[in-house]
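Okay, structure first, notes after.
The values are calculated or read from the model by the stated rules, or taken from the named source; none is laboratory data. A quick note: this is a predicted structure, and the numbers were derived from the prediction, not measured. Cβ sites come from the backbone with ideal geometry, for glycine too, and all protein chains shown count toward neighbours. All accessible areas refer to the heavy atoms of the entire protein, side chains included, with ligands and DNA or RNA removed. Shrake-Rupley method; radii C 1.70, N 1.55, O 1.52, S 1.80 Å.
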Amino acid sequence: MKESETKNVWKAHVVCQLQRRDREQHHNFRELVHAYSRLLERSRVADAILANAGRRSDSPAPPPLYGVRLQRNAAELAYQAVEKQRHLESREKALETQRQRLAREERRRAEARDARRQLRLGAERQASENGRLKGLYDALMERRRLAERLLRQEEVRGGHLLDDLVSLKRHAAARLNRRNDRRARVQDVHLLKDLHTATTSQVNVESSVSFPRRTCSDLKKRTREKSPGRLSRSVSAPESSPNILASFREFFERRRGPSSRAWADEEEEGEEETARPLRIPTAARLPGRALHVLEAHEQGVNTAAFCSSSALLASGGTDRVVKIWEVRAGALRHRSTLDGSTEGLTCVQFDPAGHWILAGSYDKSALLWRLDRPVAKLTLTGHGRKVTAARFSRHQVLTASADGSLRMWDPQRAACVHLAQVASCCSDAVCLENVAISGHFDHYIRFWDSRLSGCVHRVSAGGKVTSLDLSADGRHLLSCCRDDVLRLLDLRRWSEHSAAFRAEGFKCTSDSAKVAVSPDARYVAAGSADGAVYVWNVSAGALEARLGHEHSASISAVCWSTSGEYAASVDKRGRAVLWSDI
């Protein structure tokens, strides 16, 4: 049924096309057909006339005038036929030209229709893109308005914090002034007591000019031990008064002590200066197990160091604070938090007496804290890049930076007194009695005099130096390089021949990975990128222990306590581990 319907539709379409062609041809050739029909009618009339004339031969011939007229009509008709034929051909050529033009116009129309469709699709896509951009613009404007609102709130909050800081500074200055007044009064009282004691005691004129160094406690003890019956003052004392006054002056100058340290002004009333402990090598224990594991910081920890008594551990990291931990019974207990840095900390160190803490920061400065005060006492600025090392050097401070410079600072004036520059990044530095040692990315360890006036010696490290550490007696220098090798140098020989330590699986964590040598220089320890602590035996030159499973991230620093009893390690996720063999 469907096939027959399809055939009928096809036939009807053909018929319609034929009828359309007939109408077009009839319209185009209508005049020609009419002219040709008239010509045929005239031709038939002429033929009929000639035929009749032939059949009637006996009839008289037509007059000559009629024949001439007939011939003339025939010639006119032939001429008209030729003209019509020529006109028909020209019309056919014009029709063909019109058909070709019509075909070209149809093609142009189809191309214009396609271009219009493409333009419409492009316009729709552009409108969609404009809508998306408008949405993004509205979202960005909303975020900008929110950011401006938060900025205004933070500016108001910053103004309030600044007012609070100014108020706190004012109160702190007032407290400091009151404390200084009390201290001055106490010193005056002590001075009067000492003068009274000195004037009432018997003086041997023939004794040496300078008195032995005494402290206030010694004078008090001497006063208590005096017998009730005192000898009378020597008659010859007035004659030797100049020497006695000189002795008094020297005595009190010694009693006041040197003023080159800025932190000496912050000593409490009645507190005696703690003598610098002797760095005597102590037999170190080989770490065998983790005594305490804790999340020490909210972010990664970059450095850690024990104090000289091994009772405190300081750690600093990317959260911009230094945390002080007490080591008690094999555990770490938080004691205080020191803040003041605007960026993360790179290194930390206790002073020899254990009262002060020095740290380097990514904000191109070094900060000095008193152990019992959370606010930084002093900030040393001047480096062009991050401070990679900050060390105590007698009564001064040594800092090293990634800009290749080493600076010696006077803490009392917060001023740089000596400067040395190297065309290589300085990764770490340590101090001996009269020598500063620095490690650099150009594979060299440099030795400087105490004034940093020149490099007195240079040793090849074998790779890019990441950290340095000294043994307790100052005879051995441990270096770590990015070639995953630790090298121990004997400073007494000043030789480039050093013991090298490497192990399968050990990989240096970063350009600032900190390593440690035990106080007796029997062991060296380093943290690896796989989260394990590797410990080598120096005398055997072999790996002694691998401490793992406590860190879940690469270890950034390892330190050894001065007593040799503990070792500590910190990692990039804020975890700290206390190790020992107990």
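Normalising the average separation of contacting C-alpha pairs (under 8 angstrom, six or more residues apart) by the number of residues puts the relative contact order of region 440-582 at 15 percent.
Counting alpha carbon pairs within less than 8 Å and at least 6 residues apart, what relative contact order, in whole percent, applies to region 365-483?
The normalised contact order for region 365-483 reaches 15 percent.
Our estimate of slack between Arg23 and Glu433, defined as 0.36 nm per intervening residue step minus the Cα-Cα distance, is 135.4 nm. The order of the peptides 123-133, 321-331 by mean Cβ neighbours within 10 Å, most packed first, is 321-331, 123-133. Based on C-alpha pairs under 8 angstrom that are at least 6 apart in sequence, region 462-512 has a relative contact order of 32 percent.
Projecting the Cα atoms of Tyr566, Ala516, His551 onto the charge dipole of region 492-582, computed from C-beta unit charges around the Cα centre, puts Ala516 farthest toward the positive end. Using only side-chain charges placed at the Cβ, +1 for Lys and Arg and -1 for Asp and Glu, the dipole size of region 281-388 relative to its Cα centre rounds to 200 debye. Of the trypsin sites (Lys or Arg not before Pro) found in region 374-427, those in coil by DSSP whose Cβ has at most 13 other Cβ atoms within 10 Å are Arg413. Across region 102-186, counting alpha-carbon atoms alone, Rg and Dmax equal 35.4, 119 Å.
Any of Lys11/Lys84; Lys169/Lys386; Lys11/Lys93; Lys323/Lys377; Lys169/Lys572; Lys323/Lys464 with alpha carbons more than 25 Å apart? Name them for me. Let's see the in-between values first.
Numbers: Lys11/Lys84 37 Å; Lys169/Lys386 28 Å; Lys11/Lys93 32 Å; Lys323/Lys377 16 Å; Lys169/Lys572 35 Å; Lys323/Lys464 30 Å.
Violating the 25 Å limit, Cα to Cα: Lys11/Lys84; Lys169/Lys386; Lys11/Lys93; Lys169/Lys572; Lys323/Lys464.
What does the charge count around Arg99 come to, taking other residues whose C-beta lies under 14 Å from its C-beta (Lys +1, Arg +1, Asp -1, Glu -1)? The answer is +1. Counting only heavy atoms of protein chains, what accessible area per residue, in Å², does region 409-487 have with a probe of 1.4 Å? Heavy-atom accessible area per residue stands at 37 Å². In square angstrom, what is the accessible area per residue of region 320-376 with a 1.4 angstrom probe? Accessible area per residue, region 320-376: 38 Å². For region 275-410, the fraction of 1.4 Å probe accessible surface lying on carbon and sulfur atoms is 48 percent. What a 1.4 Å probe finds exposed on region 484-582 is 44% carbon and sulfur by accessible area, rounded to a whole percent.
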